[in-house]
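Q: I'd like to ask some things about the structure below.
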Amino acid sequence: MDKKKAIIALDFNQASEVDDFLHLFGNEQLNIKIGMELFYANGPDIVRNLVDSSHDIFFDLKLHDIPNTVQKTMKILASLGVQMVNVHAQGGRQMMEAARKGLDAGTPPGQSRPKLLAVTQLTSLSEASFKEEQPSSLSLQESILHYADLAHQAGLDGVICSPLEAQLIHEQISPDFLTVTPGIRLETKVKDDQFRIASPAEAARLGTDYIVVGRPITQAKDPLAAYQSIQKSWTEALKKGAE
Ligand code: C5P
């Protein structure tokens with residue numbers, strides 16, 4: 001999956017909405033994210049159709065179940081031809097190791113195994129709700145680092161986190177450990193239900209590997225123009241960082 005392209009979260013429920021949306025981009029090959037809404041409404045056919053249309057796909061089902069169930073499910077997901085899948089790190093080390101085993105077993109010979117990522121703490125969570133709802137002596141940031149470390153030890157390729165944590169994760173876990181970051185807003189005052197947000201340029205400055213953008217593109221009056229302006233800001237900032 002090309003790091004220079006934002007991953008567009010296709011948070012629609014009708015396949016026809018996806019078709020209309022993708023039509024706006026002509027033949028451009030995109031990074032897209034299929035989440036629960038689209039998948040639960042349409043089943044695996046929508047994933048197969050999008051794989052066939054040659055877009056690169058992050059299949060975001062955030063599995064969180066007992067190790068045996070997650071392992072067997074990952075074996076199926078590995079056969080679909082997607083590039084990224086994920087679990088909740090809060091499912092524990094054994095569950096994450098099982099996810100990795102399932103992916104290894106299900107990847108068809110000659111194909112690359114999908115990257116396996118772990119959600120540390122949802123980007124919609126604030127420090128206050130963390131303290132109230134997940135009583136812990138750790139701060140939210142310490143908890144995120146703890147889960148990132150656990151995911152690294154379990155053999156995962158990276159984590160889903162906020163751009164605000166990407167730099168710390170690269171410094172404290174490993175520079176090669178992927179950080180995939182939702183919570184991206186061009187205008188950082190428009191948050192929707194996200195809490196830990198950043199602009200594409202700030203995400204690039206903090207060393208985020210991939211940005212995931214949903215509503216700022218899908219709900220824009222002109223989605224193509226919104227995508228292009230996010231791309232401009234993301235790629236220019238990446239270039240600046242590389243200089
Ligand atoms: O619309 P918005 O840009 O907020 O969409 C972000 C996308 O990333 C959504 O599809 C959401 O499910 C997903 N996501 C997230 N936070 C995580 C993991 C995934 O917002 N920790």
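Q: Dividing the Cα convex hull volume of the chain by residue count, how many Å³ per residue is that? Before the final figure, lay out each step's value.
A: Numbers: hull volume 31.4 nm³, N = 243.
Normalising the Cα hull of the chain by residue number yields 129 Å³.
Q: Okay, moving on. Taking the Cα-to-Cβ direction at residue 215 and at residue 14 and moving 7 Å from each Cα, how far apart do the two end points lie in nm?
A: 2.1
Q: Name the residue from 230, 181, 83 whose Cα lies farthest towards the positive end of the charge dipole of the chain, charges +1 on Cβ of Lys and Arg and -1 on Cβ of Asp and Glu.
A: Among 230, 181, 83, the one farthest towards the positive end of the dipole of the chain is 83.
Q: Taking the convex hull of the Cα atoms, report for segment 130-243 its projected area averaged over all directions, in nm². Spell out each step's value before the answer.
A: Details: hull surface 32.1 nm².
That works out to 8.0 nm², a quarter of the Cα hull's surface.
Q: Now for a separate question. Of 4/33; 5/75; 62/240; 4/115; 4/72; 33/115, which pairs sit farther than 22 Å apart, going by alpha carbon to alpha carbon?
A: Values: 4/33 15 Å; 5/75 27 Å; 62/240 33 Å; 4/115 17 Å; 4/72 33 Å; 33/115 13 Å.
With Cα atoms farther than 22 Å apart: 5/75; 62/240; 4/72.
Q: Something else now. Suppose every K and R has +1 on its Cβ and every D and E has -1 on its Cβ; what is the size of the dipole of the chain about the Cα centre, in Debye to the nearest 20? Intermediate values should be presented prior to the final figure.
A: Working: 24 positive and 31 negative charges, 61 e Å.
Dipole magnitude for the chain comes out near 300 debye.
Q: Points 7 angstrom from Cα along the Cβ direction at residue 41 and residue 94: gap in nanometres?
A: Result for the modelled spin labels: 3.8 nm.
Q: Let me ask something else. How do 97, 243, 132 rank when sorted from fewest to most other Cβ atoms within 10 Å of their own Cβ? Let's see the in-between values first.
A: On the way: 97 17, 243 4, 132 9.
So the ranking, lowest neighbour count to highest, is 243, 132, 97.
Q: Per 0.36 nm of contour for each residue apart, how much would the distance between residue 187 and residue 131 grow if the chain were fully extended, relative to their Cα-Cα spacing? The partial results should precede the final answer.
A: Numbers: separation 56, 0.36 × 56 = 20.16 nm, distance 2.75 nm.
Here the answer is 17.4 nm.
Q: Extending each Cα 7 Å along its Cβ direction at residue 27 and residue 146, get the distance between those two points in nm, one decimal.
A: Calculated label separation equals 5.2 nm.
Q: Past the 20 angstrom mark, what percentage of all C-alpha to C-alpha distances in segment 87-178 do you count? Please report the intermediate quantities before stating the final value.
A: Working: 1571 of 4186 pairs.
Tail of the P(r) past 20 Å holds 38 percent of the pairs.
Values quoted throughout were computed directly from the atomic coordinates according to the rules given, and no laboratory measurement underlies them. Values in this document were obtained by computation on a predicted structure and should not be read as measured data. Cβ: placed from backbone, ideal geometry, glycine included. Neighbour counts: every protein chain shown.
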